[in-house]
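First comes the structure, then the notes that go with it.
The values are calculated or read from the model by the stated rules, or taken from the named source; none is laboratory data. Here the structure is a predicted model, which is why all the values come from computation and not from measurement. Positions of Cβ are generated from backbone atoms using ideal geometry, with glycine treated the same way; all protein chains shown enter the neighbour counts. Each accessible area value is taken on the protein alone, full model and side chains, heavy atoms only, with ligands, DNA and RNA left out. Shrake-Rupley method; radii C 1.70, N 1.55, O 1.52, S 1.80 Å.
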Amino acid sequence: MDKLTCIAFIMYQSSENQHVRDLAIQLLNGDISIRELKKDSFACPFVGMAELTAKKHKPNRMELQKFAEEFLMVEV
């Protein structure tokens, strides 16, 4: 999976806060960019943590795929 999907997955999994989870889903779907999230004082720490975690430890591919299948909106 790509870096963006990994970051969104880690953000989603690392927080119980519904707002952070919503931001992760928006990131996955391209509704918001990493750059925009880094400008947001609330979201910036979560994005930074997710980026560091993605660099050090790759998430489980099956869990990552399940996350993408569940939350990625595909327009036909």
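Miscellaneous remarks
- Failed criterion for Phe9 (all others in (1) at pLDDT below 95; (2) within 17 Å of Glu69 (Cα to Cα) hold): (1)
- Those helices (runs of 4 or more DSSP H) of the chain in which at least 3 residues are out of contact with any His (no Cβ under 9 Å at 6 or more places or on another chain), open to solvent by less than 100 Å² (accessible area, probe 1.4 Å) and touching a residue at least 60 places away in the same chain (Cβ under 8 Å), considering only elements entirely within it, cover 61-71.
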